[in-house]
Structures are given as C-alpha cells and as structure tokens.
Amino acid sequence: IGRETAILASKLGATLFISGKNKERLNETFQMLEGSGHKQSAADLSEEANIYGLAEMAPAVDGMVPCAGIVKPFPVKFIQPKHIHEIFQINYYSVVLLTAALIKSKKINPKASFVFISSVSSNHPYIGGALYVSAKAAIEAYCKTLALELSPQKIRANVVSPGLVKTSI
C-alpha cells in the first residue's frame with residue numbers, strides 16, 4: 001500500500017520523503033518514483049528512537065500517509081503482552097508518535113493532510129484478529145481526535161479502510 005501510494009503521489013507531482021524498514025525495498029520504491037527532489041531514509045519503526053530520528057530528518061511536509069503495518073493472527077487465549085506490544089508498536093504507536101513528533105517540531109505545513117490506513121476489519125473483525133483489529137480501530141479513533149485538534153490550522157486527518165490487499169506480508 002505504501003509503495004503504490006508513493007508512486008501515485010509522485011505521478012501526481014508530489015515531492016516525497018519516503019521511509020521503510022527494508023533498505024532494498026525502499027530503494028526499489030525510490031527508483032520507481034517520478035519527478036525529482038525525492039528523499040528516502042530507512043527506519044525500523046519498531047524502535048522508538050528511529051521514529052524520533054525520522055521526524056528530525058524529515059522536511060516540512062504537506063501531507064503524510066503512514067503505511068507501516070503488520071498482521072499476526074492470535075486466538076485470544078494465546079495473546080501475551082509481547083504480542084500486544086509488537087502489533088501496537090507498528091500499527092499504532094509508531095503512527096501516533098511520528099505524527100506527534102512532526103507536529104511538535106513544526107514540520108507540518110498549513111493546510112496539510114494526514115491519511116491514515118486502517119482496515120475494513122475494524123468494522124468486520126475476524127477470528128484471531130483481536131490485536132490487529134483493535135490497533136486499526138485505535139487508529140480510527142486517533143484520527144478523529146487529531147482532526148478536531150488540527151482543524152483550526154486547516155490541517156485535515158482522514159482514514160481509509162481497505163479490504164484485503166495482496167502484499168508481501
């Protein structure tokens with residue numbers, strides 16, 4: 001989803017700052033971008049320090065589409081704290097902390113737009129999906145609050161909720 005979003009945005013004339021955990025895949029995506037002036041930085045968002053480092057090196061932006069995410073099904077009876085942390089770290093905490101860091105460092109331009117990626121599963125849960133579904137529902141609630149807080153600056157926050165998408169994960 002992130003790769004295709006970046007490619008489309010570049011085709012529409014955006015200058016991008018992209019990031020990803022896998023340096024090789026990140027560079028492949030970077031090479032697919034149209035236009036010039038794009039930047040990239042590899043960052044593993046499961047590490048809090050990397051989130052803040054990414055925010056520090058990011059230029060001022062007109063928009064952000066955080067697409068990092070993992071899906072690991074766990075039946076409820078097998079959920080352990082490490083599973084909660086792993087799923088929420090990537091699917092929720094990293095998004096919230098990166099957004100907050102960019103806002104705090106004044107790197108969000110006026111009239112910018114945030115587009116968060118949720119999932120249709122937040123409204124249509126599935127067996128084994130308690131953690132993933134919960135993290136995506138949390139993103140939706142976070143986005144609503146963010147939209148309220150940033151509306152005086154005319155900064156928008158929206159969520160898209162795709163169904164199943166065939167990706168490498």
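The values are calculated or read from the model by the stated rules, or taken from the named source; none is laboratory data. The model shown is predicted, which means the values in this text are computed figures rather than measured ones. Cβ placement follows ideal geometry from the backbone for every residue including glycine, while neighbour counts extend to all protein chains displayed. Note: accessible area is taken over every heavy atom of the protein model, side chains too, but ligands, DNA and RNA are not part of it. Shrake-Rupley method; radii C 1.70, N 1.55, O 1.52, S 1.80 Å.
Apolar share of the accessible surface for the range 64-144: 66 percent from carbon plus sulfur atoms, 1.4 Å probe. For Met57 and Ile7, the difference between the fully extended length at 0.36 nm per residue and the C-alpha to C-alpha distance is 15.9 nm.
Applying a DSSP loop filter and a limit of 11 other Cβ atoms within 10 Å to the trypsin sites (Lys or Arg not before Pro) in the range 74-169 leaves Lys106, Lys154, Lys166.
Taking θ as phi - 60° and the Karplus parameters 6.51, -1.76 and 1.60, the scalar couplings of the range 154-159 work out to 6, 9, 9, 9, 9, 10 Hz in sequence order, x denoting glycine and proline. Whole-Hz Karplus values for the range 42-50 come out as 6, 7, 8, 7, 7, 9, 4, 4, 5 Hz, taken residue by residue from phi with 6.51 cos²θ - 1.76 cosθ + 1.60 and θ = phi - 60°; glycine and proline positions read x.
Here the simple spin-label model places points 7 Å from the Cα toward Cβ, and for Val76 and Ser161 these points are separated by 2.0 nm.
When the C-alpha to C-alpha distance is required to be over 22 Å, the pairs from Lys11/Lys154; Lys39/Lys106; Lys106/Lys154; Lys144/Lys166 that qualify are Lys11/Lys154; Lys144/Lys166. Just checking my list [x] 21.8, 79; [y] 16.7, 49; [z] 15.9, 50 against Rg and Dmax of the Cα atoms in Å computed from this structure; which label fits? Recomputing Rg and Dmax of the Cα atoms in Å here gives the entry labelled [z].
Were the residues from Glu149 through Asn109 laid out at 0.36 nm apart, the gain over their Cα-Cα distance would be 12.9 nm. Converting phi to 3J(HN,Hα) with the Karplus coefficients 6.51, -1.76 and 1.60 and the offset θ = phi - 60°, the range 93-109 yields 3, 4, 5, 5, 5, 5, 4, 4, 5, 5, 5, 4, 8, 6, 9, 10, 5 Hz in sequence order, with x at every glycine or proline.
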